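Structure, as structure tokens:
The values are calculated or read from the model by the stated rules, or taken from the named source; none is laboratory data. Nothing here was measured: the structure is a model prediction, and the numbers come from that model. Note that we place each Cβ from the backbone using ideal geometry, even for glycine, and neighbour counts take in every protein chain shown.
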Amino acid sequence: MIVLSILITVLYVCLMVFIIIGQKKLKPFILESVPPTTQFSIIIPFRNEAKNLEALLQSLFELNYPKAQFELILVNDFSSDNFRPIIAHFKEKFSNLSCVDSINAGSAPKKAALSLGVLKAKYNWIVTSDADCTFSKNWLQAFNQKILKDNPLMIAGLVKYHHFKGFLNHFQCLDLLSLQATLLGTFGWQKPMLCHGANLCYAKVLFNELNGFSSHRHIASGDDVFLLEAAANKYPDKVMAVNSLETVVSTNVEPTLKALLSQRMRWAAKATAYKNWPIKAMGLIVFAMNFLCLLAAVLSLLSLVSAKLFWIIFLIKFTIDGLVLYPMAQFFKQKSVLKSYLLSSFLYPLFSVTSVFLGFTKAYTWKNRAFKV
């Protein structure tokens, strides 16, 4: 037990140091005055999102980018709510707004909706997001600058949560901050392992060359990370990230613990489909550390191991995680969530292990649909 604990803890600390150094290696993005010459097709699939569409469309309407230079394609994924009047209202203001109905849900309805959107897109640069998002005003301008200056094929942007009041929201914010740290850290080493479909930009020619989502169409989620994995394997120097608040997309937290658990089950369920061993190794180390914390806590409560073992493991994890999270909270101007860091640190191992276990063993729901593992 002691030897295994030391091994897992050392590996975890090394991984966190890898992420911290990677973040520092990534050059900060500074928005400059460049001509808005890139044309974008923004694709947003949605299902029963009438309550969020007005905020979404208003945010896109207010972007600091010429409206003649981008189109917005909303893909209706078999919604049953009253969304059409909202879209019709904004179409009067923005002629490049279109809404198409998805025709094939299948086992991966979001991927089917995105594929239809790409097929309909008239511009070479695709930008994907979600219907519960709002955007920084210079969102497209920052992507435009990155494209003109660095000639990428894919650009990953950052994501934060809209609201962060209450412990459950703080818990989710802290978790998302750790994911954004991982995104920046791995991109800093030019070994990208994470991105978010709510803020992803790529060339249509790249999507077509990779045959879209065909290699993982049987998996409900992963429209972002599997595409990233394939792109990074083929064009490692053309896959980039933008570490700037100018490109941050804000999205909603899950409203309940049940919804949050279902989301994390969905994320966990796709883990075995990764092809690159570094991604699998990173996931395994993180899971092992959380499992070790949970196991040490249970065994110490049962007096089967010394409580000192748990506290040593916990304090090491608490410290190194804090070194990762604090700069991210500062960057996103969300330092207020750190007041929930201590309690979250105690609860997260249980939440993480439970999510992974259920993700591999039980069906989950997503947008009122049931999916099998």
Problem set entry | Criterion violated by Phe46 - all others in (1) surrounded by 16 or more Cβ atoms within 10 Å (Cβ to Cβ); (2) outside the structural domain of Gln190 (by TED's automatic domain parsing) satisfied | (2)
Exercise. Asn243: polar (S, T, N, Q) and over 24 Å from Leu60 (Cα atoms), yes or no?
Worked result: no
Seminar exercise, completed: Scanning the range 171-221 for residues that are touching a Ser or Thr at 6+ places or on another chain (Cβ under 8 Å) and polar (S, T, N, Q) gives Asn199
Seminar exercise, completed: Going through the range 213-249 in order, the residues found to be among the small types (Gly, Ala, Ser) and surrounded by fewer than 19 Cβ atoms within 10 Å (Cβ to Cβ) are Ser214, Ser215
For this session: Being within 30 Å of Ser79 (Cβ to Cβ) and surrounded by fewer than 23 Cβ atoms within 10 Å (Cβ to Cβ) is the filter here, so list the residues in the range 137-170 that pass it.
Result: Lys137, Lys160, Tyr161, His162, His163, Phe164, Lys165, Gly166, Leu168, Asn169
For this session: Kindly indicate the residue of the range 254-302 that is modelled with pLDDT of 90 or more and not in a helix (DSSP H, G or I) and also surrounded by the most Cβ atoms within 10 Å (Cβ to Cβ) among those meeting that condition.
Result: Glu254
For this session: Look at Glu32 and say whether it is touching a residue at least 40 places away in the same chain (Cβ under 8 Å) and under 21 Å from Asn199 (Cβ atoms).
Result: yes
Problem set entry | Of residues in the range 5-29 being in contact with a Leu (Cβ under 8 Å, 6 or more places away or on another chain) and under 18 Å from Ile312 (Cβ atoms), the one modelled with the lowest pLDDT | Ser5
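Say we look at the range 1-29 and pick out the residues that are among the basic types (Lys, Arg) and over 30 Å from Pro66 (Cα atoms); which of these is surrounded by the most Cβ atoms within 10 Å (Cβ to Cβ)? Lay out the reasoning, then the answer.
Taking the range 1-29 and keeping what is among the basic types (Lys, Arg), we get 24-25, 27.
Now narrow it down to the ones that are over 30 Å from Pro66 (Cα atoms): 24-25.
Numbers: Lys24: 10, Lys25: 12.
Applying the filter and picking the extreme gives Lys25.
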For this session: Looking only at the range 30-41, decide whether some residue is surrounded by 21 or more Cβ atoms within 10 Å (Cβ to Cβ), touching an Asp or Glu at 6+ places or on another chain (Cβ under 7 Å) and modelled with pLDDT of 95 or more.
Result: yes
Exercise. Do we have any residue at all in the range 311-328 that's under 30 Å from Glu49 (Cα atoms) and assigned to a helix (DSSP H, G or I)?
Worked result: yes
Seminar exercise, completed: Flagged in the range 61-90 as of a type in the set (D, E, K, R) and surrounded by 18 or more Cβ atoms within 10 Å (Cβ to Cβ), in numbering order, are Glu71, Asp77
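Assess whether Phe143 counts as being at pLDDT below 95, assigned by TED's automatic domain parsing to the domain that holds Phe46 and either more than 24 Å from Arg266 (Cα to Cα) or assigned to a strand (DSSP E or B) (or both). I'd like the intermediate steps shown before the answer.
Working: at pLDDT below 95: no; assigned by TED's automatic domain parsing to the domain that holds Phe46: yes; either more than 24 Å from Arg266 (Cα to Cα) or assigned to a strand (DSSP E or B) (or both): yes.
No; evaluated as a whole, the condition is false for this residue.
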Problem set entry | Selection count, the range 292-315, where residues are over 16 Å from Val3 (Cβ atoms) and touching a residue at least 24 places away in the same chain (Cβ under 8 Å) | 4
For this session: Might you check whether a residue that is touching a Lys or Arg at 6+ places or on another chain (Cβ under 8 Å), within 30 Å of Asn52 (Cα to Cα) and either aliphatic (A, V, I, L, M) or modelled with pLDDT under 95 (or both) occurs anywhere in the range 158-174?
Result: no
Problem set entry | Filtered residues of the range 107-138 (kept if closer than 16 Å to Asn96 by Cβ, assigned to a helix (DSSP H, G or I) and not small (Gly, Ala, Ser)) | Lys120
